[in-house]
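S.K.: Right, I'll just put the structure down here and ask away after.
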Amino acid sequence: MRVPFYMQIRQYIMDHIQQGKWKPNDKIPSENELAEKFQVSRITVKKALDALVEEGIIYRIQGRGSFVAKKEDSEHIIYPNNVSQQNSSKLIACIIPRLNSQFITIMMSEIEKLLAQHGYRVILCQTYDSQQLETQILKEVLRLGVDGLIIYPAEGETYNEEILKLTIEKFPLVLIDRYFRGIGANSVCTDNVLGAYEATKHLLELGHTKIGIVSSIPEGTTSIEDRIKGFEKALTEYNIPIDHRLYLLDLHLTLEEHDHINKDKIKNFLSNHRDITALFLVNNGLTVIEAALEMGYTIPQDLSMIMFDDYEFSHLHKVPPTCIRQQETLLAQEAVKLMISTIENPLQKRQQIFVPPKLIIRNSTTLYKSKANR
């Protein structure tokens, strides 16, 4: 009986690891290289690699490849609750996508300060929006004996098996900014539906009816999904038809190397929709404003814009933006309060806390004027 190709690939990788040819954290051949070696499709290779990831034999880092896991990574992990032990580590791990925005910086600074007041030290780890790296970091900090976890999930992540295990084991854990549908974990988030609703309502009350929406890919990121929900809720209440042609929802995350790609998409979108008079910017706000200015738009006379999130020195920008500001300090306070209470009583009922954001009106929005009156 012929052994399936994916099993042959799996055994090939296992042999190299067991023979010591590939050691822990060594990078293994790419999907393309393995597909070429075994003369199979990448789908077959992926099936083999997925099985090895599931077994904990290898791990993946998005954009970098697959690597050999440490021996202990492949063993079943039981999450002990160290809270009742006298020699508690007094250590909390904060796992975040990246430290690249005013929102995250202020929030994490406040979390660290408040936890220190309760006698806890913080380990800060960045996942760079890699779900594989997030899982690896989770396992590593748990081996250090942390008392609790505050996790800002990776972009696009809909589910994490390790977090589910922790939740089942009643391990002290709090998600911030996002939550996982179907996993009843503690979470502290901005009320993104309310924020987007207030942003869209502001534009509607200025007389705009052709309102576009710009975002990165929403699927799997509850904060983005909720903002789109709030946007559509406001349109519906004002009897404005929802027109998906006015949606641009495939920008990259806000990273400098993606700026030119995002700007090309934005310029193409605006060129094809000259009837748009206002935009709700779910994220990537500054990039959208810069792209519109480069096209010759005058903001807000030609195009009103309101963005989610504020940024440092925004009042000094050439067009100080109207925005929905998340209350970072209040989010941090609620997260720490929930973290401490969960450590003290791991069996308490899990909570979802939503913090209302604030509308800040500046210079990027104005009353609608018809083209004839501009």
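The values are calculated or read from the model by the stated rules, or taken from the named source; none is laboratory data. As the structure is a computational prediction, the values presented were derived from the model and not from experiment. As a convention, Cβ positions derive from the backbone with ideal geometry for all residues, glycine included, and neighbour counts pool all protein chains shown. What goes into the accessible areas is simple: the full protein's heavy atoms, side chains included, and nothing from ligands, DNA or RNA. Shrake-Rupley method; radii C 1.70, N 1.55, O 1.52, S 1.80 Å.
S.K.: Of all residues in the range 13-30 being free of Cβ contacts under 8 Å to residues at least 24 places away in the same chain and within 36 Å of the chain's Cα centre (by Cα), which is surrounded by the most Cβ atoms within 10 Å (Cβ to Cβ)?
M.R.: The qualifying residue surrounded by the most Cβ atoms within 10 Å (Cβ to Cβ) is 29.
S.K.: Mind telling me which of the residues 41, 84, 74 ends up being at pLDDT below 85, in contact with a Gly (Cβ under 6 Å, 6 or more places away or on another chain), hydroxyl-bearing (Ser, Thr, Tyr) and on the phi < 0 side of the Ramachandran plot?
M.R.: After applying the criteria, what remains is 74.
S.K.: Out of all the residues in the range 279-286, is one or more over 11 Å from residue 214 (Cα atoms) and part of a helix (DSSP H, G or I)?
M.R.: Scanning the range 279-286 turns up at least one residue that is over 11 Å from residue 214 (Cα atoms) and part of a helix (DSSP H, G or I).
S.K.: Select, from 163, 123, 213, the only residue that is outside any loop (DSSP other than H, G, I, E, B), surrounded by fewer than 20 Cβ atoms within 10 Å (Cβ to Cβ) and among the hydrophobic types (A, V, I, L, M, F, W, C).
M.R.: Matching residue, one of 163, 123, 213: 123.
S.K.: Suppose the filter is surrounded by 15 or more Cβ atoms within 10 Å (Cβ to Cβ) and either charged (D, E, K, R) or modelled with pLDDT under 95 (or both); does residue 221 pass it?
M.R.: Spelling it out, residue 221 is indeed surrounded by 15 or more Cβ atoms within 10 Å (Cβ to Cβ) and either charged (D, E, K, R) or modelled with pLDDT under 95 (or both).
S.K.: While we're here: Take the range 44-71 and flag every residue that is assigned to a helix (DSSP H, G or I), touching a helix residue (DSSP H, G or I) at 6+ places or on another chain (Cβ under 7 Å), open to solvent by 60 Å² or more (accessible area, probe 1.4 Å) and at pLDDT below 85.
M.R.: If the condition is that a residue be assigned to a helix (DSSP H, G or I), touching a helix residue (DSSP H, G or I) at 6+ places or on another chain (Cβ under 7 Å), open to solvent by 60 Å² or more (accessible area, probe 1.4 Å) and at pLDDT below 85, then 47, 55 are the ones that fit.
S.K.: Using beta carbons and a limit of 7 Å, which pairs, at least six apart or on different chains, have the first residue in the range 111-131 and over 23 Å from residue 155 (Cα atoms) and the second one polar (S, T, N, Q) and open to solvent by 20 Å² or more (accessible area, probe 1.4 Å)?
M.R.: Pairs found: 114/333.
S.K.: Can you name the residue in the range 292-345 that is assigned to a strand (DSSP E or B) and not β-branched (Val, Ile, Thr) and is also most open to solvent (accessible area, probe 1.4 Å) among such residues?
M.R.: 325
S.K.: Within the range 159-181, which residues are within 13 Å of residue 352 (Cβ to Cβ) and either among the acidic types (Asp, Glu) or free of Cβ contacts under 8 Å to residues at least 40 places away in the same chain (or both)?
M.R.: Those that are within 13 Å of residue 352 (Cβ to Cβ) and either among the acidic types (Asp, Glu) or free of Cβ contacts under 8 Å to residues at least 40 places away in the same chain (or both): 175, 177.
S.K.: A further question follows. May I ask you to list the residues in the range 188-210 that are closer than 20 Å to residue 243 by Cβ, open to solvent by 10 Å² or more (accessible area, probe 1.4 Å) and not in a helix (DSSP H, G or I)?
M.R.: Once the filter is applied, which keeps residues that are closer than 20 Å to residue 243 by Cβ, open to solvent by 10 Å² or more (accessible area, probe 1.4 Å) and not in a helix (DSSP H, G or I), the range 188-210 yields 206, 207, 209, 210.
S.K.: While we're on this one: Look at residue 253 and say whether it is of a type outside the set (Phe, Trp, Tyr), open to solvent by 30 Å² or more (accessible area, probe 1.4 Å) and over 23 Å from residue 359 (Cβ atoms).
M.R.: Yes: the conditions hold for residue 253.
S.K.: Is it fair to say residue 179 is open to solvent by less than 50 Å² (accessible area, probe 1.4 Å) and assigned to a helix (DSSP H, G or I)?
M.R.: For residue 179, the condition - open to solvent by less than 50 Å² (accessible area, probe 1.4 Å) and assigned to a helix (DSSP H, G or I) - is not met.
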